[in-house]
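The values are calculated or read from the model by the stated rules, or taken from the named source; none is laboratory data. Note that the coordinates shown come from a computational prediction; the quantities given were computed from them, not determined experimentally. Every residue, glycine as well, gets a Cβ built from its backbone with ideal geometry; the counts of neighbours run over all protein chains shown. Accessible surface is based on the protein model in full, side chains and every heavy atom, while ligands, DNA and RNA are left aside. Shrake-Rupley method; radii C 1.70, N 1.55, O 1.52, S 1.80 Å.
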Amino acid sequence: MFDKWLLAVDLDGTLWDHEDVSKMKPPFRRINQYAIVDSRGDILKAYEYMIKLVKWAKENNAVVATLSWNQEEKAVEALKTLGLYDLFDYI
C-alpha cells in the first residue's frame, strides 16, 4: 500500500489534553482506558481519535515518533501507564 513514511506526533495538547505532562508528579495511575492521574490528583486524558490515528498509521507502514519538549522520563511513564508506549518507534 504505502512505502515507509513518518508520522510525528506532539504529546501535550495533541496526543492528550494535558498542556504540560512535565508538571505532573509521578507515579501515574490509570483510571480508565484513556486517562491517568498523578500523585496529586492531576488528570491527563488521551484523545481517542489520536490513538486511532497512530494505530492506523502503524498498520499502514508508518514509522511513528513523538515530538516533545517534555521531561522524557515523565512523558515515557505517561505513555507506558496509558498502554501507548509500544505504538511509538521513537520517543
Scoring the chain by relative contact order with C-alpha pairs under 8 Å, at least six apart, yields a percentage of 36 percent
Counting only DSSP loop positions in segment 1-79, the trypsin sites (Lys or Arg not before Pro) whose Cβ has at most 14 other Cβ atoms within 10 Å are Lys4, Arg40
Residue-normalised value, i.e. accessible area per residue, for the chain at 1.4 Å probe, in Å², stands at 60 Å²
Partner lysines whose C-alpha sits under 17 Å from that of Lys25, ignoring same-chain residues fewer than 8 away, are Lys45, Lys74, Lys80
Whole-percent carbon and sulfur contribution to the accessible surface of the chain (1.4 Å, no ligands, DNA or RNA) stands at 52 percent
All alpha-carbon distances of the chain, grouped into 10 Å bins from 0, give the whole-percent distribution 17, 53, 24, 6, 1
The rounded separation in angstrom of the Cα centers of segment 48-88 and segment 6-44 is 12 Å
Connecting every pair of Cα atoms under 10 Å apart in the chain and solving the GNM, the largest mean-square fluctuation among Ser39, Ser68, Ser22 falls on Ser39
If one compares the long axis through the Cα atoms of helix 48-59 with the longest principal axis of the Cα atoms of the chain, the angle in degrees, nearest 10, works out at 40 degrees
